[in-house]
Amino acid sequence: MTYIVANWKLHGSQDFVKNYSEILGACLNTAPKEKNITTIICPPFPFLERVALAGVIHGFSAGAQDCSAYESGAHTGDVSASMIKEIGAGYVIIGHSECRQKNPNEHQYISQKILQVQKAGLTPILCVGESLDVHNTGNADSFVLDQLEKALKNYIDLKNILVAYEPIWAIGTGKTATLQDIVYMHRAIKSAPLLKNLNIPILYGGSVKPDNTSEILTLDTVQGVLVGGASLKAETFNFIVKAAF
Ligand code: PEP
């Protein structure tokens, strides 16, 4: 299975969803069945239901970009995992670095959010990754393993999760991690005590573009890519999807 995930961040409109779905759908129609490609589109919340409905017609899944750490209650502005499930999405991105940066206490909520996602019957896409400062110290692997340990400490259904390694210095910068960096970190994640022998799909994210997707997907530690900027034009995203054909 290869996972191709689009994170639209704060972009989109109702018309955008319609046009994008049709263009992406035409591409997915030509996908070789034996390749087993799962395409997941993660729009802002107001468009999630539309994306989920369009996905039923055009052959992709919908995911949310975040969810509440709570099931219900006095949490103005939050959206719960069960609400996300109810409108037809299948996945939730948790721990994206932009959410972690916006809320310095985010790390305290990640394991709770993952539990909510599991309880709702959805699959979390857990993002981990180090800053440039941490990268330059040479301790990126222990930093990422610590993020994983904290996020997954209470998680029971460890088989039902995707992990995306997204070095912060590669997100939106045009600086993709080297293939060696990716393999090194993916191996470290795969051998993390909690994940060992579970064969969890591990994705890479950080300036993935049409011209570097193929080489990233040929790495045997990589089961997919999480794409931000290059997912915002359906035609460009189609080239990335086609790299998995
Ligand atoms: C992301 O938003 O997770 C991401 C990887 O962004 P970009 O592809 O733009 O680096």
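Of the residues F45, F60, F16, the one that moves most in a GNM of the chain with alpha-carbon contacts below 10 Å is F16.
Every Cα-Cα pair in the range 183-245 was counted, and those over 19 Å apart are 34% of them.
Per DSSP helix of 4 or more residues, -39500 (n - 2.57); summed, then divided by the residues of the chain. What does that give at 222 nm, rounded to the nearest 500? It would help to have the intermediate numbers written out before the result.
Details: 10 runs with 100 residues, N = 245.
After summing the helix terms and dividing by the residues of the chain, the value is -12000 deg cm²/dmol.
FRET efficiency for the N19 to K102 pair, using the beta carbon distance and R₀ = 25 Å, is estimated at 0.30.
For the range 1-46, the fraction of 1.4 Å probe accessible surface lying on carbon and sulfur atoms is 52 percent. In the structure shown, the pairs K9/K233; K35/K175; K209/K233; K85/K113 are assessed against 18 Å; a Cα-Cα span above that value is assigned to K35/K175.
Averaged over its residues, the range 18-77 has an accessible area of 52 Å² per residue, based on protein heavy atoms and a 1.4 Å probe.
For the range 96-155, the solvent-accessible area with a 1.4 angstrom probe is 48 square angstrom per residue.
Computed over the chain with a Gaussian network model linking Cα atoms closer than 10 Å, the most mobile of L195, L152, L28 is L195.
All alpha carbon pair distances within the range 2-242 were sorted into 5 Å bins beginning at 0; the resulting P(r) in whole percents reads 1, 7, 15, 19, 21, 18, 12, 6, 2, 0.
Could you tell me the relative contact order of the chain? Use alpha-carbon pairs under 8 Å, at least six residues apart, and round to a whole percent. Intermediate results must be reported in sequence, preceding the final value.
On the way: 477 pairs, mean separation 50.0, N = 245.
It comes to 20 percent, rounded to a whole number.
How high is the relative contact order of the range 136-237, in percent, with contacts defined as C-alpha pairs under 8 Å that are six or more residues apart? Provide the component values of the computation, followed by the final result.
Details: 131 pairs, mean separation 28.6, N = 102.
Relative contact order comes out at 28 percent.
The values are calculated or read from the model by the stated rules, or taken from the named source; none is laboratory data. A quick note: this is a predicted structure, and the numbers were derived from the prediction, not measured. Glycine gets a Cβ as well: all are built from the backbone with ideal geometry, and neighbour counts include every protein chain shown. The protein model used for the area step is the full one, side chains on, heavy atoms only, and it has no ligands, DNA or RNA in it. Shrake-Rupley method; radii C 1.70, N 1.55, O 1.52, S 1.80 Å.
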